[in-house]
1. Using only Cα atoms, find the angle between the long axis of helix C:271-282 and the longest principal axis of chain C, and express it within 0 to 90 degrees, rounded to the nearest 10.
2. Show the residues, 5+ positions off or on another chain, whose built amide H is closer than 5 Å to the amide H of B:Phe246.
3. How high is the relative contact order of region A:110-177, in percent, with contacts defined as C-alpha pairs under 8 Å that are six or more residues apart?
4. Gap in Å between the Cα centre of region A:176-250 and the Cα centre of region C:140-193?
5. If you add up the charges near C:Val196, with Lys and Arg at +1 and Asp and Glu at -1, over every other residue whose beta carbon is less than 13 angstrom from its beta carbon, what do you get?
6. Per-residue mean of other chain beta-carbon atoms within 10 angstrom of the beta-carbon, peptide D:253-260?
7. Which percentage, to the nearest 5, of the DSSP beta bridges contained in the protein assembly as shown is antiparallel?
8. Please report, in whole Å³, the volume per residue of the convex hull around the C-alpha atoms of region C:16-69.
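The values are calculated or read from the model by the stated rules, or taken from the named source; none is laboratory data. Treat the numbers as computed from the prediction; the structure is a model and nothing was measured. Because the Cβ atoms are built from the backbone with ideal geometry, glycine has one as well, and the counts that use them run over all protein chains shown. Only protein heavy atoms, including side chains, enter the accessible area calculation; ligands, DNA and RNA are left aside. Shrake-Rupley method; radii C 1.70, N 1.55, O 1.52, S 1.80 Å.
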4 protein chains.
Amino acid sequence: MSCVTSAATQARAAGGPRAIVAGATGFTGALAAHLLWRHPDFELVAVTGRSELCRPLQEVYPRYRVPLAIEQLEPDRLEGIDAAVVAYPHAAAAPTVAMLRERGIRVVDLSADFRLRSLATYEHWYGAHPRPELLGEAVYGLTELHRAQIADAGIVANPGCYPTASLLALAPLARAGLIADVVIDAKQGISGAGRVFDESTHLSMAGENIVPYKVAAHRHTPEIEEQLALLAPAQGKDPADLRVQFQAHLVPLDQGEMASCYVTTTRPVQAEELREMYADAYAAEPFVEVVADPPGVLEVRETNYCRVFAAADEHTGKVIAFGAIDNLWKGTSSQALQNLNLMFGYPETRGLL
Amino acid sequence: MSCVTSAATQARAAGGPRAIVAGATGFTGALAAHLLWRHPDFELVAVTGRSELCRPLQEVYPRYRVPLAIEQLEPDRLEGIDAAVVAYPHAAAAPTVAMLRERGIRVVDLSADFRLRSLATYEHWYGAHPRPELLGEAVYGLTELHRAQIADAGIVANPGCYPTASLLALAPLARAGLIADVVIDAKQGISGAGRVFDESTHLSMAGENIVPYKVAAHRHTPEIEEQLALLAPAQGKDPADLRVQFQAHLVPLDQGEMASCYVTTTRPVQAEELREMYADAYAAEPFVEVVADPPGVLEVRETNYCRVFAAADEHTGKVIAFGAIDNLWKGTSSQALQNLNLMFGYPETRGLL
Amino acid sequence: MSCVTSAATQARAAGGPRAIVAGATGFTGALAAHLLWRHPDFELVAVTGRSELCRPLQEVYPRYRVPLAIEQLEPDRLEGIDAAVVAYPHAAAAPTVAMLRERGIRVVDLSADFRLRSLATYEHWYGAHPRPELLGEAVYGLTELHRAQIADAGIVANPGCYPTASLLALAPLARAGLIADVVIDAKQGISGAGRVFDESTHLSMAGENIVPYKVAAHRHTPEIEEQLALLAPAQGKDPADLRVQFQAHLVPLDQGEMASCYVTTTRPVQAEELREMYADAYAAEPFVEVVADPPGVLEVRETNYCRVFAAADEHTGKVIAFGAIDNLWKGTSSQALQNLNLMFGYPETRGLL
Amino acid sequence: MSCVTSAATQARAAGGPRAIVAGATGFTGALAAHLLWRHPDFELVAVTGRSELCRPLQEVYPRYRVPLAIEQLEPDRLEGIDAAVVAYPHAAAAPTVAMLRERGIRVVDLSADFRLRSLATYEHWYGAHPRPELLGEAVYGLTELHRAQIADAGIVANPGCYPTASLLALAPLARAGLIADVVIDAKQGISGAGRVFDESTHLSMAGENIVPYKVAAHRHTPEIEEQLALLAPAQGKDPADLRVQFQAHLVPLDQGEMASCYVTTTRPVQAEELREMYADAYAAEPFVEVVADPPGVLEVRETNYCRVFAAADEHTGKVIAFGAIDNLWKGTSSQALQNLNLMFGYPETRGLL
């Protein structure tokens, strides 16, 4: 970390926990940096990356007015750092998380490396795990499901955006043991593809298009299955019992994600029971809004809110549940902040309203 | 029909079947008029509507260069007309279709009024039928499924766009008796909402949004169920046996529609069997393209093509099938032309390539 | 004002200036309400409108989480109100502004009613003025140009979005007496058309389109001309001396506006002189960013920033200056807050960073 | 040219002029191939490129159903070829054009290499010219301006899309000697950036944005200046006399381009004179539509039409003229076909309506 930082920048220093974002040049790392920079308590002291070195982050992401220059991550200059958000690709994240943990830094990891409890499941979908010994230390960072453990965690494995929307839509049904089978059809804006420059993101090809991707092969499936199994009344049940059919699509907007979940229930569910179940489940949640009409993703854009709506279909007997989020916010980076708030003793909504 | 038509316009007269479009001010009627106008054989002689009277259609729809002026439909001035496309709302269409039939005019009706064979099913979803006596005369106009009957029909009930995409994606599985259960998650551009001016179509609200609509209540369901039952090996089976879970969403583009179908099969299906099944089903179809990768709707924009892709998911055992169309073209108006070609003895692709 | 307001809502009351938004159902009024609601000092006590009565504003505008119910504006229930934002159409605003002033309420008016100093100019473009006697009391609310008078004003006439972007782009040249002739070509997102439901805002017609509107007839012209004349070194000069060529276009995005200004200068201007002129002009401005590359409107989306860039064209001798804003924010509602901050003694950036 | 071409493909052979597209992997080359493939007379026999070798063009561009495989251009296998469209970058095109000419092939070149008559002007903007000896043989391919020479030309230098829209909007004024000064503000969809994958085309950055580019440095300027000088009554005048202020912007759509031209006239022009001037200028043109209201680019999308609208501004005395085209069609590839039709004796509209 050796780029010169201006006096104006340093003036912002505050006295709260000192944080860095590792991998700030991607969409989610940059947003995490933005949210930390404007947070009233955390002090963002460095943003690191492998490209765009020494450029102020706000040059690369003009909307995120973060004046810090992008630096290389140097392990021997991390003294005094309390918190880190790691926004690396899968498999690349684990070694850096391990290095940060060795220095006592509490980490929110945005990758998939620590999301699964089962090493076997990880290896089935991703190959060998770079740091399996740390799996036990990690807590799954869907705040609404694991609040207590997150508060004390050294590693928080931030969920994927698809699992976030899907699990918040399904959790009340899962807890009630009502999910016999589920199809999740998810739609996401192009920001979900990240800072990737190819046919999938070129406006002339991605605009005015709807494209399914990773058919019958989406890595978010095991994460959803594992968490649904944990929620089920008979915990400890083999997650393999419920195979989730998950399918993602890219649609032509920037930020926004809708998980449409079609549940075959274990017994008939009436509209009134469903309404109460969802109202009760989220009554105390500051960031989950159970709404009376099907939500649009624009309603939660650039917020940490998830809007949830469920309906019983009398014609088919199925339950349909929708979860709407901003994939970059609640789906990733603002949920990371929500978790950091918990980890460092701040109100969960701090800097996020 | 009394607006003055210019000599230049009349000069186009050709000698082929003389056609009108009733209800040409809506999106689908206007497109049908455009396609008839540029068709090498049909002679479009009038476009009618209840608004925009005496304005050239090309003023209302500049992209569709149809110079004919919009007139009121006058039953006593229909002599010499051979064909009509009726683009009226549901229930409003039937009386006009009946009036046209009385004059011997062959009709492609874009409404739902004649799509269902079962009067009981119609009444369950739509209320009393205005002309039930004509139900027997009507043929369901999904060209690929009912080609032979369409050729001789007096009334062709053009399918809805959602059933078109869904049924083409599912037909090979239905014919093989493989569908035990199916969830259809459909996404459509804003043109699907029609020439309607409200929150659902305002760019500031519909752009950058994804919105499910008509949750657990979509009227396209019975049409899909009835046709899947007809395709099943044991024809005559009660369509009620298969309840289709159908859900529509609006996504921020103009034209395009994707039906993502998740099928629980009656027996395990392997990838190779699936590939052959779809290849065989559509080998001779000029407008159905079985593709090797998940299709995007942009690939079929402003064409009469439907792209179909199916995959077996080893993890869940389900089959996923996609149907991608342009909702205004193959989903509605160009399929109407495809049917008119058949009805009047022209090659099916005439004027559509 | 008689809709019941929940205890939760009332709990937000704070002790700062008590404000209302009159006309909160339109895009700009709703955003002003949102910004006041989340402001740390102002207390938003009522939102009024003529439609959507008794609905919480957050139902009509889900993104703006303002729980207050929309009420009718009742003049005899305004006791204790300190500030008002009036978001009415032109001509409808003036009588309400007058009524509020009689009660001692300080007003930011978003309409054009009080923007022009010259009654004759107003009458030329808009017809008879409803309250000409108040013209003298009003201050033009482009904060960066009239900061001192705004602080003490009873009526602040908030500028139009086009004049805001144009004047901030041109002010340094105007002050230096360099503008001999100017063409302003402005492009704006569809939110600029407001909560209007017709062809101009339907996604199928406005999306994928670029449309010039109000050709040779745009009412923002006199406002720009009057302010440029005020800025010129020889103040008091007849504004008619400089006729501004202004042209607006709608382009397919939601929020964002670019004013591209082509200036024939009174004498040759070199790049270096230009750079210094702009740097000096805005060095102390918290919300004007002079940038080194042509700005995109996305860089200022949902902020109160204006980005300005100017270049000398050696080939033609002209100066090109760009002003990029969010038309709903700096172009209207957040600038209203910036002015309210000044009027009530708060730091100008309060609640806007 | 050695990729195997299927029998089905060869079956299309027709007997008309045999054509190739060199550089078919870019947006404009691919569209030219599509238009030639579906043309009733030309026979497209090969598409060449430097990447995507041996892939059917319709795999790379699914919307353009051209089954020919992409091949390398091999000079010794060009026997029997009559026509070529060259879609190479500037400077790269000239040597290939020369090679094709040596073999007697008539060429429409989409690059800038042969657009300027003045070698000095070319060298000022582009550097050394690779084949200056061919400049005299080339005809500027704005069909409406140089129809007669195009019919006999060996090389047609297809205009840039910006000059096409600008010149068609300005030609009537130029011919009347009315242009004393002109500012052209152009807006274009993202397809104008081509098959380029970077920040300027990523939907998350280009969507919801408006960005000026190449400020005070646009290479289309000299082309416009030279053609305006040619049109002026006193031909032979030094083109340097009129310096055109041209500025381009990217706006968030796929295809479409608007040139807004602000003309200071040499004498006052009234509305009626202007109307007649434009009506007369384009009365016989099949592809130029003088319209009564400001046109939107959606009205000409995927057509060879240019819509033109002009108005006199009484307030400023200036004339405003708009030219709306599809940048890929009339702006480039369909105009190439229009020219090929002329060159080979077909009606100009052949295959383009």
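1. Compared with the principal axis, the helix lies near 20 degrees.
2. Here the answer is B:Ile184, since their amide H atoms fall under 5 Å of that of B:Phe246.
3. Values: 68 pairs, mean separation 23.3, N = 68.
Taking the mean separation of contacting Cα pairs over the length of region A:110-177, I get 34 percent.
4. That distance is 48 Å.
5. Working: positive: C:Arg195; negative: B:Asp198, B:Glu199, C:Asp198, C:Glu199.
Around C:Val196, the surrounding residues sum to -3.
6. Working: counts 11, 10, 3, 5, 1, 7, 0, 9.
Across the residues of D:253-260, the mean count of other-chain Cβ atoms within 10 Å is 6.
7. Values: 106 of 229 bridges.
Beta bridges within the protein assembly as shown, antiparallel portion: roughly 45 percent.
8. Numbers: hull volume 3.2 nm³, N = 54.
So the per-residue hull volume is 60 Å³.
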